[in-house]
Amino acid sequence: MTSLAQLSRFMRRLSLLFSAVLVVAYLGFNLAVVYAPGWLSAPIMEGTIISRGIVMAILLIIGAVAATSLFVRLLNRRGDVLLEAIRKERRS
């Protein structure tokens, strides 16, 4: 028997998991900015002007977009199935 509580529990667990992952990533980047500014400001290769901090920031943004896409995909895959089961139960 599928219930609205089961759907809510799934959504809450998924939201908390992805929120925790993104908070840890952003917190890690901010801690690097505070405690290792010299390392972040160093160029990625000799003779380039692109710093490690820029690369990390871009990777963080790309990771956040990827995590959001994965979150939506998982929610649609499992959440829609649960929601459809709830609708069928309520119709009968």
Requested in this report: Looking for whichever is assigned to a helix (DSSP H, G or I) and surrounded by fewer than 10 Cβ atoms within 10 Å (Cβ to Cβ) here; the options are ARG78, ARG73, ARG90. Which one fits?
Outcome: ARG90
Report task. Please determine, by comparing only the residues of segment 27-47 that are under 19 Å from the mean Cα position of the chain (by Cα) and exposed (fewer than 13 other Cβ atoms within 10 Å of the Cβ), which one is farthest from ILE61 (Cα to Cα). Result -> LEU31
Query raised in the report: Would segment 5-24 turn up any residue that is of a type in the set (Gly, Ala, Ser), assigned to a helix (DSSP H, G or I) and within 30 Å of SER92 (Cα to Cα)?
Result: yes
Query raised in the report: What do you reckon, is PHE10 within 30 Å of ILE86 (Cβ to Cβ) and touching a Ser or Thr at 6+ places or on another chain (Cβ under 9 Å)?
Result: no
Query raised in the report: If you go through segment 35-67 one residue at a time, how many are among the hydroxyl-bearing types (Ser, Thr, Tyr) and in contact (Cβ under 8 Å) with a residue 12 or more places away in the chain?
Result: 1
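Only the coordinates and a few stated rules stand behind these numbers; no lab work does. Because the structure is predicted, anything quoted here is derived from the model rather than measured. FYI the Cβ positions are ideal-geometry reconstructions off the backbone, even for glycines, and counts take in every protein chain you see.
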